[in-house]
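In what follows, a structure is listed as structure tokens, so that the remarks can point back to it.
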Amino acid sequence: TNNIVDIKVVTPTKLSYNLGEELDLTGMSVIGITSDNKEVTLSENLYTVSGFNSSTAGNQDITVAMNNTDFTKTFTVQIVPATPVITTQPVGAVYGSGEDKAPLTVEAEVSDTGNISYQWYSNTEASTEGAQMIKEATEATYQPTNTEKTFYYVVVSNNDTVSYTTSPSPRD
């Protein structure tokens, strides 16, 4: 290893991960370039791999560094949250004037270690276009307080990256 002047990295086969998955270096090799331009495959104990965090969604630069040298290379992996699956949709209803309104409820799940978040919206039409976000309505259940016909829907997200929108449900 004394004659190595640089390294190159053949990236692993897997470059896309779900939240919570472990780094898979299958197919990766680290090659030392010698002063006479020869290539030597380095054994795993001669380099370190760092920068992987499967609890954070987005692109991540993974650094491969040859031990006890300044030689480093990076490659990028993507951590993708699983799309939320809505298991129970909110149910629309019509109420008479002065009647108590039942809360709207949505149930969702994700197949990875992500966290589900909710944001409720309202509109005077059965459309997501032109809808208004209901501030502080960020739970799986929302209690309508309106006195006129209103349509509601909720956006369900996995770590605020992957979202799914329910259909607008009317409440009068």
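Tabulated values for the structure
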| quantity | calculated |
| --- | --- |
| (i) 156; (ii) 131; (iii) 108, with the label sought being that of the calculated volume of the Cα convex hull per residue in Å³ | (ii) |
| Protection proxy ranking of 36-47, 70-81, 111-122 - average other beta-carbon atoms within 10 Å, highest first | 111-122, 70-81, 36-47 |
| Computed accessible area, V10, all protein chains, 1.4 angstrom probe, square angstrom | 60 |
| Spatially proximal aspartates and glutamates relative to K149 (Cα-Cα < 15 Å; intrachain offsets below 8 disregarded) | E99, D100, E125, D172 |
| Taking the chain and dividing mean pair separation by its residue count, relative contact order in percent (alpha carbons under 8 Å, at least six apart) | 19 |
| Total formal charge among the other residues, if their Cβ is under 15 angstrom from that of M66, Lys/Arg +1 and Asp/Glu -1 | -2 |
| Loop-resident sites, the range 74-159, for GluC sites (Glu not before Pro), counting at most 11 other Cβ within 10 Å (DSSP) | E99, E129, E136, E148 |
| Partner aspartates and glutamates for K14 [C-alpha distance under 13 Å; skip if fewer than 8 residues away on the same chain] | E22, D24 |
| Segment S97-T145, extension gain: residue separation times 0.36 nm, minus the distance between their alpha carbons | 16.1 nm |
| Nearby aspartates and glutamates by direct alpha-carbon distance to K73 (threshold 13 angstrom, same-chain neighbours under 8 apart not counted) | D6, D61 |
| Karplus-derived 3J(HN,Hα), 6.51/-1.76/1.60, for each residue of the range 55-72, Hz, glycine and proline x | 9, 10, 6, x, 7, 9, 8, 9, 9, 10, 10, 6, 4, 6, 9, 9, 7, 9 |
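The values are calculated or read from the model by the stated rules, or taken from the named source; none is laboratory data. None of the values given here were measured: they were computed from a predicted structure. Here Cβ is always computed from backbone atoms with ideal geometry, including for glycine, and neighbour counts include all displayed protein chains. Surface areas here come from the heavy atoms of the whole protein model, side chains and all, with no ligands, DNA or RNA. Shrake-Rupley method; radii C 1.70, N 1.55, O 1.52, S 1.80 Å.
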